[in-house]
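The values are calculated or read from the model by the stated rules, or taken from the named source; none is laboratory data. Every value quoted in this text rests on a predicted model; they were computed, and no experiment measured them. Backbone-built Cβ (ideal geometry, glycine too); neighbour counts: all protein chains shown. For accessibility, only protein heavy atoms count, side chains too; no ligands or nucleic acids. Shrake-Rupley method; radii C 1.70, N 1.55, O 1.52, S 1.80 Å.
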Amino acid sequence: MDGYHLIRLKVICIAFVKIYCFDNVIEPNCQPDEEICEFHWTVAYFQTMTVIPPNGKGSRAPVENVNGTLYVRTNCGSLENIREVTDDDYFVSGDGHLKFMFAINDQVPGPSIVVYEGQQIVVHVHNKLMMEGVSIHWHGLFQKGTPFMDGVARVTQCPINPGETFTYKFKAFPYGTFWYHSHLGAQRSDGIAGALIILKRPQLPTDTVKQNEEEFVFLVQDWFQRGFTQEVKLANWHLNKYIQTSNSELCAGIKKTYDGSIVGQKGIQTPLINAKGRFHVPSTNDNANYLPLETFVVTSRHKYQFRMIGIQSISTYRISIDNHKLNVLAIDGADIEPEETDYVIIHSGERYDVEVLSNAPVGNYWIRLEDLASQDIAGNSIPMVVGYGILRYDGAPKEDPVTSGKVCTERNQCRVVNCIFGTFPADDYTSCIPVSKLKSKEHEIETNPVPAMSSANDLQEFFLSFHYSLPEDNPSLVVSTINNFRMILPTSPPMLHEAEFVPETACPKEITTFASQCNHILKLKLGNVIQFVLVNVETKGFGRPHPIHIHGHRFHVMKIGFPTYDPITGNMTEMNQDIVCESQHCDRARWADPSWSNGNVPGMNTKNPAIKDTLVLPWGAYAVVRILADNPGYWYMHCHIELHNVDGMALILQEGARSDMPKPADDMHFCGNSNNNQTIKPQTVLKSVVENLLVDAEEKGLTTESKVSVSSLVGTIVVSVVITLSLVFNVVSMIILLRRKLYTYHSYIPEVKISQYQHEDEETIKLLK
């Protein structure tokens with residue numbers, strides 16, 4: 001970024017006291033010697049293409065395109081009173097359409113957190129929404145000792161209700177590229193997501209840990225013009241039609257990639273970088289060239305690190321920079337032996353740290369995001385949807401690039417890191433390096449050794465089949481499952497239970513024809529080596545790659561077994577035969593060769609495998625990953641495609657017994673009871689009873705003078721044991737009923753806070769105290 005625009009940006013950021021101004025250049029939020037790094041966030045409703053006034057106060061004005069120029073409409077009642085957009089106007093353009101979203105501190109993407117390893121991160125999240133709960137997950141962090149801070153609503157914490165504030169506190173560990181996002185409903189897809197960067201901490205004040213001139217935040221995003229909830233309905237409709245018929249008109253929304261797997265559908269027309277992009281209308285060839293693109297400014301002959309983070313909902317993107325090589329240094333925050341490539345493929349939840357050497361002539365160069373959708377439903381070739389950013393050399397004119405991407409030929413072949421399928425078509429002249437071929441740096445293996453068992457008793461092996469279930473009695477229904485179980489989240493978080501969590505709806509042990517809706521929980525014995533065999537076998541003739549994410553752990557990628565492909569077309573011709581499915585939906589699977597049991601799978605990298613927390617599982621393939629069960633808690637495991645997670649492709653890992661897990665702090669937000677699981681604290685019940693007594697007194701017309709004092713009230717409760725127990729029983733029964741009726745609003749019993757009653761008269765406040 002040139003000096004003038006950098007100063008200009010800082011001035012704008014200072015002017016917006018309330019609004020955090022997004023900057024793609026990575027700068028620490030705190031000094032290395034600070035122990036605590038604190039943040040204050042407000043989650044509120046938001047609209048793109050709308051100018052936000054200084055300090056976030058006052059009327060917000062829509063931004064509109066008038067013949068290729070952006071204007072601010074200053075009078076909502078007329079189109080006449082408009083002015084041109086200036087550098088002082090703060091707005092999020094998205095793809096150029098007005099879109100209703102959620103935002104943190106009026107920013108999409110959310111504010112970047114950049115701290116040093118070992119610092120304590122404290123984030124106060126205030127929910128200013130009217131009717132939606134919120135929770136924030138810190139993607140990729142272990143949360144060892146702080147499982148309550150993992151941010152999965154109804155698993156590790158209660159949702160943050162409208163009007164409430166919740167404080168997250170946890171250690172910044174390990175260093176690397178991570179991110180955060182809402183873990184409730186589809187809020188991640190609609191704006192609540194941002195970068196979390198943990199830098200190596202310098203040992204001495206004079207030390208430096210920077211190896212590159214600059215580091216950039218590079219958030220990869222797909223854009224739903226109608227909002228994610230509507231797109232979920234559209235995606236399900238398209239998929240259902242695909243299953244029912246081969247009519248290409250009905251199935252026009254489905255798009256496929258080279259191997260025949262589904263990679264997207266129409267409606268996601270704009271890949272974005274840091275919430276900037278340009279919509280494209282193929283019928284009119286309108287490219288919205290008047291919209292801003294994310295621009296990364298570099299100086300000649302320097303090295304720059306791009307921390308690429310996949311925050312997209314459903315799409316897969318192949319990323320490249322014209323006339324520049326990409327040198328992959330780390331994946332999901334873990335260092336690898338550098339791998340030079342032309343392209344990197346990133347799916348939802350993944351992170352790739354890429355080093356770029358600015359050794360091209362001074363100028364502007366396209367950064368390309370291709371969606372890899374090369375075929376329509378009938379297998380006909382279609383142009384890929386491409387999003388753009390700009391790599392601009394200092395001194396280059398501020399204009400769009402005119403560069404071209406690399407042309408792959410037999411003599412000048414291309415390389416891609418991270419395969420969502422095993423091979424490209426022969427005439428693409430492109431080779432793909434799967435994650436299973438990447439090698440971890442030696443220090444990563446020393447810190448996180450490959451889990452190895454001393455005996456077969458130390459190993460637990462789970463075959464997990466990620467697939468669509470198609471009930472035979474209703475073929476129009478498509479549900480996302482693991483082992484034919486469609487996850488129902490508990491009505492109250494297992495992590496907050498004082499006793500062992502008992503599933504409210506247990507999963508059946510027998511093989512079922514139809515998908516079972518249940519609390520899908522796997523129990524891991526503390527200290528064991530856990531080997532997951534992730535399976536993506538679809539028996540209905542369609543499928544897609546799934547990005548699988550495990551909370552609370554990084555796993556070692558021991559092996560990926562790809563299916564068989566046609567070497568000419570790249571189409572998948574046969575599912576991998578190493579796995580035998582014993583049921584229609586492969587919810588019971590085993591090794592075809594019994595000698596592979598007990599951890600004896602040939603071809604595994606047991607020396608220096610890549611370490612990840614999110615792995616793309618190709619269609620027709622399987623992957624073997626390992627963790628050591630050394631982090632007691634309840635951890636979520638799921639497909640990171642938003643639609644699939646919301647639909648039930650998830651489970652909970654119970655790591656150790658409840659007695660092995662940390663106890664929640666006294667100031668944690670607690671939910672109401674759920675059947676036989678005790679989660680509510682006595683003092684919260686007492687406060688609720690007191691509050692109900694006060695309400696009852698007011699309803700009976702008692703004045704403040706006639707109400708009893710606190711001491712006499714407590715005395716009455718102590719003496720009248722029977723009445724108190726009856727009240728408690730009624731309150732608990734009411735909670736259960738309300739939670740079952742209204743759990744979609746994520747309600748729970750709040751603790752009585754005097755600040756909530758400041759509008760009451762002095763006597764009432766005194767009585768509450």
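Would it be correct to say that ASN418 is within 19 Å of THR341 (Cβ to Cβ) and either among the polar types (S, T, N, Q) or modelled with pLDDT under 95 (or both)?
Judged against the criteria, ASN418 is a match.
How many residues are among the aliphatic types (A, V, I, L, M) and modelled with pLDDT of 55 or more when one looks only at the range 186-243? Looking only at that region, the number is 12.
State which residue is farthest from PHE562 (Cα to Cα) when the search covers only the range 603-636 and only residues that are assigned to a loop (DSSP other than H, G, I, E, B) and hydrophobic (A, V, I, L, M, F, W, C). Here the answer is ALA629.
Based on what the data block shows, is SER348 at pLDDT 95 or above, in a loop (DSSP other than H, G, I, E, B) and either open to solvent by less than 30 Å² (accessible area, probe 1.4 Å) or within 18 Å of ASP613 (Cα to Cα) (or both)? So SER348 fits the description; yes. The number of residues in the range 573-602 being over 27 Å from ALA452 (Cβ atoms), among the hydrophobic types (A, V, I, L, M, F, W, C), open to solvent by 20 Å² or more (accessible area, probe 1.4 Å) and part of a loop (DSSP other than H, G, I, E, B) comes to 1. The residues listed here are ILE113, ILE82, ILE52, ILE36; of these, the one that is under 27 Å from ILE550 (Cβ atoms) and either surrounded by fewer than 16 Cβ atoms within 10 Å (Cβ to Cβ) or touching a residue at least 12 places away in the same chain (Cβ under 8 Å) (or both) is ILE113.
Listed here are the strands (runs of 3 or more DSSP E) enclosed by the range 101-171 that have at least 2 residues being over 19 Å from the mean Cα position of the chain (by Cα): 113-116, 120-127, 165-171. Suppose the filter is more than 23 Å from GLU500 (Cβ to Cβ) and under 16 Å from the mean Cα position of the chain (by Cα); does HIS181 pass it? Considered against the rule, which asks whether it is more than 23 Å from GLU500 (Cβ to Cβ) and under 16 Å from the mean Cα position of the chain (by Cα), HIS181 comes out as yes. Scanning the range 440-481 for residues that are of a type in the set (Asp, Glu), over 30 Å from THR512 (Cβ atoms) and modelled with pLDDT under 95 turns up just one, ASP458. Looking only at residues in the range 116-145 that are open to solvent by 10 Å² or more (accessible area, probe 1.4 Å) and of a type in the set (Gly, Ala, Ser), the one that is farthest from ARG658 (Cα to Cα) is GLY118. Of all the numbered requirements in (1) at pLDDT below 95; (2) open to solvent by 10 Å² or more (accessible area, probe 1.4 Å); (3) closer than 29 Å to GLU500 by Cα, GLY163 misses one, and that requirement is (3). I'm told GLY570 meets every condition in (1) part of a loop (DSSP other than H, G, I, E, B); (2) farther than 21 Å from HIS467 by Cα; (3) open to solvent by less than 10 Å² (accessible area, probe 1.4 Å); (4) in contact with a strand residue (DSSP E or B) (Cβ under 9 Å, 6 or more places away or on another chain) except one. Can you identify the failing condition by its number? Evaluating GLY570 over (1) part of a loop (DSSP other than H, G, I, E, B); (2) farther than 21 Å from HIS467 by Cα; (3) open to solvent by less than 10 Å² (accessible area, probe 1.4 Å); (4) in contact with a strand residue (DSSP E or B) (Cβ under 9 Å, 6 or more places away or on another chain) leaves (4) as the failure.
Candidates in the range 506-529 are the residues that are among the hydrophobic types (A, V, I, L, M, F, W, C) and not in a loop (DSSP other than H, G, I, E, B); of these, the one that is farthest from the chain's Cα centre (by Cα) is VAL529.
Considering only the range 396-413, state which residues are free of Cβ contacts under 8 Å to residues at least 24 places away in the same chain and basic (Lys, Arg). If the condition is that a residue be free of Cβ contacts under 8 Å to residues at least 24 places away in the same chain and basic (Lys, Arg), then LYS398, ARG411 are the ones that fit. Whenever a residue of the range 63-78 is among the hydrophobic types (A, V, I, L, M, F, W, C) and open to solvent by 50 Å² or more (accessible area, probe 1.4 Å), its partners that are at pLDDT below 85 and part of a strand (DSSP E or B), lying with C-beta atoms within less than 9 angstrom and at least six residues away or across chains, give the pairs VAL66/ILE82.
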